[in-house]
Amino acid sequence: MRNLTVLGSTGSIGTQTLDVVRKNSSELKIVALTAGSNTELLKKQMEEFKPELVCISDEKKVSELRETALLYNIKVVSGMDGLIEAATLEHCDTVVTAIVGMIGLRPTVAAIKAKKDIALANKETLVTAGHIIMPLAKEYGVDILPVDSEHSAIFQALNGENHNRIEKILLTASGGPFRGRTIEQMKNIQVEDALKHPNWAMGRKITIDSSTMVNKGLEVMEAKWLFGVTYDQVQVIVQPESIIHSMVQFKDGAVMAQLGSPDMRLPIQYALFYPDRPYLDSKRLDFYELGKITFEKPDMENFRGLKLAYQAGNAGGNLPTVFNAANELAVSKFLNRKIGYLDITGIIEYAMNNVKKIENPSLQEVLDTEKTTYELIESRW
């Protein structure tokens, strides 16, 4: 039996993780759940999975969980201290980091130091602090198992292979809902338009990130740390059908690819059961029905988020944190209709040009950079 803590259990990845647990209840058990503010869904999860502990980030909402908690003898905590307690719970074996944003960084560090394996769905952890996280995981003997479909695909393609034989990682992208459009054609895009992803059902923030190609940029940075490659070795390929989830090209020219229907439960389940592959009731690929798979070069001029991500990654230091923090705040402003769609990448570029660079930031300097970036943006927008 593997005991799980799910950070961000009410979000898209969190709810799909619980679906995997639900269908494998003899082998997986939930011991802790955390949520931001969705107490109604969290209460339902408490009733179904009966964890030892739950955390609600919004401290004002603790009282809304008390009745359910008393009924099932569940401890309720809140805030960052609560997240860290959930991530380091004694009976936990694996922490699923499905929480969105840099709020997941400190609990992940704490979980690693408590020798919990990490099923990683929180991109920001490696984007902003990969230089801290990867050595720390090695020091404490902790496995970091990728949950993102692309990184899971790479991980699967590398099974049994020597990482030193990698020539190139071919990171696939759907291209999002605006693939093929010019900047001029995207000037008047509204929130509702950007939230219509052609292939994947995801949370609001990541759906916007996918439309701007910022999400792919974050995945490029994540891949660099997960697989120990340079940015020159990570090539993005637009694959609109979302059938090939990513590929690895080896030094002898061979290419290994992982294919499957777009279903996030597959990479989630693979991370939780690795190296086993239990049955999953997902849609199977029908190659006769599919007919063909197409490939395109990413448009980095009209979708500047990806270009800026490579610039931030190559610059290193705290620039990836600036990129990530600026995007988080810009997307929030766009979703709240305070800025236009194209302002998102404009804000990222402005922040990257105006926040002081730190070459090898400590964890505190990473967190301070996020704050500085927010303050800079708020002073102008």
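The values are calculated or read from the model by the stated rules, or taken from the named source; none is laboratory data. These numbers come from a predicted model, not from an experiment. Backbone-built Cβ (ideal geometry, glycine too); neighbour counts: all protein chains shown.
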Can you name the number of the only condition in (1) within 20 Å of Ala35 (Cα to Cα); (2) touching a Ser or Thr at 6+ places or on another chain (Cβ under 6 Å); (3) surrounded by fewer than 24 Cβ atoms within 10 Å (Cβ to Cβ) that Ala114 fails? (1)
Looking across segment 215-255 at residues that are touching a Phe, Trp or Tyr at 6+ places or on another chain (Cβ under 8 Å) and farther than 23 Å from Pro135 by Cβ, the single one that is surrounded by the most Cβ atoms within 10 Å (Cβ to Cβ) is Gly217
What is the residue count in segment 167-218 for residues that are in contact with a Gly (Cβ under 9 Å, 6 or more places away or on another chain), of a type in the set (A, V, I, L, M) and assigned to a loop (DSSP other than H, G, I, E, B)? 2
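A quick yes/no check of all residues on (1) touching a strand residue (DSSP E or B) at 6+ places or on another chain (Cβ under 9 Å); (2) surrounded by fewer than 20 Cβ atoms within 10 Å (Cβ to Cβ); (3) not aromatic (Phe, Trp, Tyr):
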| site | (1), (2), (3) |
| --- | --- |
| Lys44 | no, yes, yes |
| Leu53 | yes, no, yes |
| Ile56 | yes, no, yes |
| Leu83 | yes, no, yes |
| Thr88 | yes, yes, yes |
If you go through segment 70-78 one residue at a time, do you hit one that is surrounded by fewer than 19 Cβ atoms within 10 Å (Cβ to Cβ), modelled with pLDDT of 95 or more and on the phi > 0 side of the Ramachandran plot? yes
So which pairs qualify, if the first residue must be in segment 305-317 and touching a residue at least 12 places away in the same chain (Cβ under 8 Å) and charged (D, E, K, R), the second must be in a helix (DSSP H, G or I) and surrounded by fewer than 24 Cβ atoms within 10 Å (Cβ to Cβ), the Cβ gap must be under 6 Å, and the two must be at least 6 apart or on different chains? none
Might you let me know whether segment 104-114 holds any residue that is assigned to a loop (DSSP other than H, G, I, E, B), under 30 Å from Ala153 (Cα atoms) and at pLDDT 95 or above? yes
Out of segment 115-166, which residues are more than 18 Å from the chain's Cα centre (by Cα), at pLDDT 95 or above and either under 23 Å from Val20 (Cα atoms) or outside any helix (DSSP H, G or I) (or both)? Lys115, Lys116, Gly141, Val142, Ala157, Leu158, Ile166
Across (1) in contact with a His (Cβ under 9 Å, 6 or more places away or on another chain); (2) of a type in the set (Gly, Ala, Ser); (3) on the phi > 0 side of the Ramachandran plot, Ser242 clears everything bar (1)
The lone exception for Asn73 - which of (1) over 28 Å from Ser149 (Cα atoms); (2) touching a residue at least 24 places away in the same chain (Cβ under 8 Å); (3) among the polar types (S, T, N, Q) it fails: (2)
Which members of segment 258-290 meet the condition of being of a type in the set (A, V, I, L, M) and touching a His at 6+ places or on another chain (Cβ under 8 Å)? Leu259
Residues in segment 44-59: is at least one assigned to a helix (DSSP H, G or I) and closer than 21 Å to Arg106 by Cα? yes
Can you tell me which condition Asp263 does not meet? The list is (1) at pLDDT below 95; (2) in a helix (DSSP H, G or I); (3) among the acidic types (Asp, Glu), and all the others hold. (2)
Could you check segment 280-381 for helices (runs of 4 or more DSSP H) lying wholly inside it with 1 or more residues that are buried (at least 22 other Cβ atoms within 10 Å of the Cβ) and modelled with pLDDT of 95 or more? 304-315, 319-335, 343-354, 363-378
